[in-house]
Each structure stands twice: as structure tokens, then as C-alpha cells.
Amino acid sequence: MLQINDLRVAIEGREILTGLTLKVPAGEVHAVMGPNGAGKSTLAYALAGREGYEAVSGSATLEGVDLLALEPEQRAAAGFFLSFQYPLEIPGVPAMTFLRTALNAQRKARGQTEVSSPDFLRLVRAKADALKIAPDMLKRGLNVGFSGGEKKRFEILQMSVLEPRFAVLDETDSGLDIDALKIVSEGVNGLRAPDRAMLVITHYQRLLDYIRPDRVHVLAAGRIAASGGPELALELEREGYERYGAAA
């Protein structure tokens, strides 16, 4: 589903990803782990099309579509979703309005009809209940005054409503207590599907106790230094990343 070949990405002329190759098949959840500065968030932002993250060379395709040739909104319409490590607050934009606008914009880009207000309300309420999101939270400005756990739950609600083909979760466990971590993980696991794939970026093993990956990759010095099964995350928890820096 996602195929990255020898991807090199630079920020302000400095190369952060130095030839990264990665494949994530449909129906699978892969985890990327690595030390600070390894390039994990750079990978997420480059795939999403964030300004300033220049793909110097290499390729990244989603179901055969060249992601790097698309604008960010076109990548979203093609089925790409990014859950941010630090979701932005947007005062004056109600969370519910944001969700409906995003959903209908993507449907329009795909040539589909817009979702009516009654159908949208039913859809969101059902999905919000599963994530323990209170109705009044959806009336507030987007992420304004939300706790860390509320912001992450709302990110998963967005993902659940938009139903992307491929999702990148950038340190979605950051700032979560154990209860919020369980709720968010249940939401992510509920979105596993044969025609959907996910890439989970994290520092720590604890998230992978709840979102169990099919494969684990170690990102060090801008490239994949090692890959393995879920047991690799346990090894990293015990031994750290030091030896993978030399391998990269």
C-alpha cells in the first residue's frame, strides 16, 4: 500500500532522511521507533506534504499514486491521514464544523456527494461515544482548552470519520495517562481493516502493548537501521538505540 524507496528529505538544506526505504502492505500496522533526532517526525511531515520538508530524491507512493507530486489536500483526498504529535488549537472554528467541512471537502474531491447534516450528526455522535468524547466538547473551538488526552481522542475521531486508506500516528501516546492511552488505542484498533494500513511512530514500547504492530522498524540517522516483529520493540526497551546508530 505505502512504498517508500531511497527517500531523502532536507530541511533548510540539511538532509534529515538519508535514503529511507520502507514498505507497509494493506491490512498491516507497522511501528517506527528511534531516538530523538532520528527523523521520525520528518518522515511523517514529508509524507503529509508539510511546507519546508523538501524531498531531495527518492519516491513515496500510496496505492501506486505518487504522494510527493500532490499538494497536502490532494494527499488527504487520496486517503492519507496524519495524526499530529501536538495538535493545533484553532479558536473560532467549532470542532464539529471542522469535522464536517473536512469530510465533505474530501468527498467532493473524490466526486462523491456531501453528507447531509442529520446523517453527519448521527455518524459523529456514534463515533464520539465510543471514544468517550462529550457532546459539549464538539461545540468548542477546535482543540481549544482540550487536555492532552482530549486532543488525541479528537484526532482519532477525525480518523474514524474520514476513514483514510493510510494513517500515520505521530507519537499519539505523547502526554497521555494510562486511561486515555487505553481509549485512544481502542479507537485505533477499531479502525484496523484489510484495506487500510497504519504507521505508528513512537519512542516507547508501552503504546505497542495496546496497538500491537505486525512489524517494527528502527529509524536511526535518517534511515531504517533494522526491522523485525513485535519482539524488536521489547529489545529496544531493554537495550536502547545506541547500537543502531552505528548500523545506520
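The values are calculated or read from the model by the stated rules, or taken from the named source; none is laboratory data. Everything quoted here is computed from the prediction, not taken from an experiment. Note: ideal-geometry Cβ built from the backbone for every residue, glycine included; neighbour counts use all protein chains shown.
Only one entry in Gly92, Gly111 is at pLDDT 90 or above, at positive phi and loosely packed, with under 13 Cβ neighbours inside 10 Å, namely Gly92. Within the stretch 131-149, can one find any residue that is of a type in the set (Ser, Thr, Tyr) and within 18 Å of Phe80 (Cβ to Cβ)? No, the conditions are met nowhere in the stretch 131-149. For the stretch 117-135, does any single residue satisfy the condition of being hydroxyl-bearing (Ser, Thr, Tyr) and loosely packed, with under 11 Cβ neighbours inside 10 Å? Looking through the stretch 117-135, at least one residue is hydroxyl-bearing (Ser, Thr, Tyr) and loosely packed, with under 11 Cβ neighbours inside 10 Å. For Arg153, the conditions (1) buried (at least 20 other Cβ atoms within 10 Å of the Cβ); (2) modelled with pLDDT under 90; (3) closer than 27 Å to Ile4 by Cα; (4) not aliphatic (A, V, I, L, M) all hold with the exception of (3).
Take Leu232 and decide whether it is among the aliphatic types (A, V, I, L, M), part of a helix (DSSP H, G or I), more than 19 Å from the chain's Cα centre (by Cα) and over 22 Å from Gly49 (Cα atoms). Here the answer is yes, as Leu232 does meet what is asked. Residue count for the stretch 158-195 satisfying the condition of being farther than 17 Å from Gln85 by Cβ, at pLDDT 90 or above, crowded, with 16+ Cβ neighbours inside 10 Å and not hydroxyl-bearing (Ser, Thr, Tyr): 5. Scanning the stretch 177-209 for residues that are in a helix (DSSP H, G or I) and under 20 Å from Ser160 (Cβ atoms) yields a total of 12. Hey, can you tell me all the residues within the stretch 96-154 that are acidic (Asp, Glu) and over 25 Å from Asp170 (Cα atoms)? Within the stretch 96-154, Glu114, Asp119, Asp136 qualify.
The strands (runs of 3 or more DSSP E) falling completely within the stretch 1-93 that include 2 or more residues that are within 26 Å of Arg153 (Cβ to Cβ) and in contact with a Pro (Cβ under 7 Å, 6 or more places away or on another chain) map to 29-33, 80-83.
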